[in-house]
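Single-structure report; data block below.
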Amino acid sequence: MTRPMDDLADTAEKIRSMEIRGAALIGRAAASALKEFALSIDPAGIDEFNAQVGRAADVLLKTRPTAVSLSNAIRMVMRYDGEDLESARTSLAKNADAFVERSLRAVERIGEIGSRRVRDGDVILTHCNSSVALSIIKTAFDSGKDIKVIATESRPRYQGHLTIKTLDGWGIETELVVDSAVRSVINEVDHVIVGADVITANGSLVNKIGTAAIALAASEARTSFVVAAETYKFSPETMMGELVPIEERAAEEVYPGISELLHVRVRNPAFDVTPHQYIDVICTEVGAIPPEMSYLVIKEMLGWEMEGRAL
Ligand code: RUB
């Protein structure tokens with residue numbers, strides 16, 4: 001039998017190494033891992049329970065610094081109540097299940113909302129591998145619209161390969177391009193549809209590196225730029241003025257033999273920031289909103305997060 005902390009550390013390692021990746025999946029995996037942990041530990045009482053799940057939450061929180069879905073999911077799960085050990089355990093497990101269910105429902109709902117913008121014959125460009133952007137694409141296709149997708153490779157981790165395999169499985173006509181080909185094909189594109197790791201209080205988007213350059217190209221070509229993001233991708237911290245940390249990953253992901261080159265340093269930021277001026281609409285589960293409304297989404301949907309924080 002494995003120990004609860006080993007199982008939790010195992011999930012944490014899968015998130016860190018990107019075996020589990022994509023902001024939505026990271027959030028759901030963290031919530032489920034915390035639930036399994038809480039159900040399998042054997043603390044002497046409520047205080048020890050609180051301390052142990054607190055430590056477990058910290059382990060998960062440290063895995064990937066950018067995705068706010070991780071911290072929002074963990075905070076939602078950690079808002080359990082209960083005077084005694086068993087009621088606290090039950091409450092935490094209920095919160096985790098509610099988060100997972102809410103997340104899955106949101107992805108489906110965004111698919112419905114976002115797909116209404118897609119017309120028969122449209123060409124959609126997507127970047128990286130976003131389950132929520134793909135939900136829009138699949139819903140549009142399933143409703144009978146004849147669409148084509150252009151997918152970027154998304155170097156250095158090639159998440160675009162996951163995207164094209166999924167699209168191929170669904171029978172959707174797809175073209176794969178290298179990231180730097182976006183300007184060359186953007187005039188053929190009707191909508192850019194991407195996912196989100198974070199939406200900030202002013203409506204800017206933090207997503208896979210390369211997204212900002214695609215947004216610039218789309219803006220110049222007057223191509224619509226759509227973001228697919230559940231409300232738990234919005235960041236309460238940014239309302240307090242905090243900047244979103246951009247994860248820097250290992251140099252070897254970009255250039256495996258780098259240690260042999262003595263005068264070269266590889267820089268590998270995993271995400272970039274697209275200013276809200278370049279975004280036409282953010283499709284959330286509560287509606288398609290202009291990015292400038294992000295502040296309200298944070299206040300209305302994540303208002304509890306503000307409790308106890310000094311402005
Ligand atoms: C994934 C990425 C995705 C968002 C949204 O980055 O940038 O666009 O996480 O994904 P990584 P989803 O591969 O580094 O995790 O819509 O599935 O939440």
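Before moving on, here are some points about what is shown:
- Within the stretch 111-306, percent of DSSP bridges classed antiparallel, to nearest 5: 35
- Only DSSP H runs of four or more residues enter the estimate; each adds -39500 (n - 2.57), and after division by the residues of the chain the mean residue ellipticity at 222 nm equals -14000 deg cm²/dmol.
- Each peptide among 71-79, 115-123, 4-12, 30-38 gets the average number of other Cβ atoms lying within 10 Å of its residues, and from highest to lowest they stand as 30-38, 71-79, 4-12, 115-123.
- Rounded, prolate or oblate (a/c below 1.5 giving rounded, otherwise prolate when a/b exceeds b/c) for the stretch 144-274 by Cα gyration tensor: oblate
- Shape call, the stretch 1-156: gyration tensor on alpha carbons, a/c limit 1.5: prolate
- Pairs of Lys residues in the chain, spaced 8 or more positions apart or belonging to different chains, with C-alpha separations under 26 angstrom: 27 in total.
- Estimated translational D of the chain in µm²/s (Stokes, Kirkwood radius over Cα pairs; 4 °C; 1.567 mPa s): 64
- Peptides 289-298, 170-179, 212-221 ordered by average Cβ neighbours within 10 Å, highest first: 212-221, 289-298, 170-179
- What separates the Cα centres of the stretch 159-182 and the stretch 108-130 is a distance of 14 Å.
- One chain, two ends: Glu260 and Asp142. Fully extended at 0.36 nm per residue, the span grows by 37.5 nm beyond their Cα-Cα distance.
- Here's how it looks for Asn268: its modeled amide H is under 5 Å from those of Arg249, which are all 5 or more places away or on a different chain.
- Under 5 Å from the amide H of Val281 lie the amide H atoms of Phe225, Val227, each residue being 5 or more positions distant or on a separate chain, with H modelled from the backbone and absent for Pro and chain starts.
- Cα-based convex hull, the stretch 1-71, per residue volume (Å³, whole number): 75
- Assigned charges on the beta-carbon of Lys, Arg, Asp, Glu; the chain dipole about Cα centre (debye): 460
- Helical segments meeting 24 Å axial Cα length and Kyte-Doolittle 0.0 threshold in the chain (DSSP H): 23-40
- Peptide ranges 229-241, 155-167 listed from the most packed, as the mean C-beta count within 10 angstrom indicates: 229-241, 155-167
- Simple spin-label estimate for Arg116 and Glu83 in nanometres, 7 Å along Cα-Cβ: 4.7
- Projecting the Cα positions of Ala44, Ser91, Gly22 onto the charge dipole of the stretch 4-108 (unit charges on Cβ atoms of Lys, Arg, Asp and Glu, taken about the Cα centre) puts Gly22 furthest along the positive direction.
Every number here is computed from the coordinates shown, using simple stated rules; none is lab data. Please read these numbers as outputs of a predicted model, since none were measured by experiment. Note that we place each Cβ from the backbone using ideal geometry, even for glycine, and neighbour counts take in every protein chain shown.
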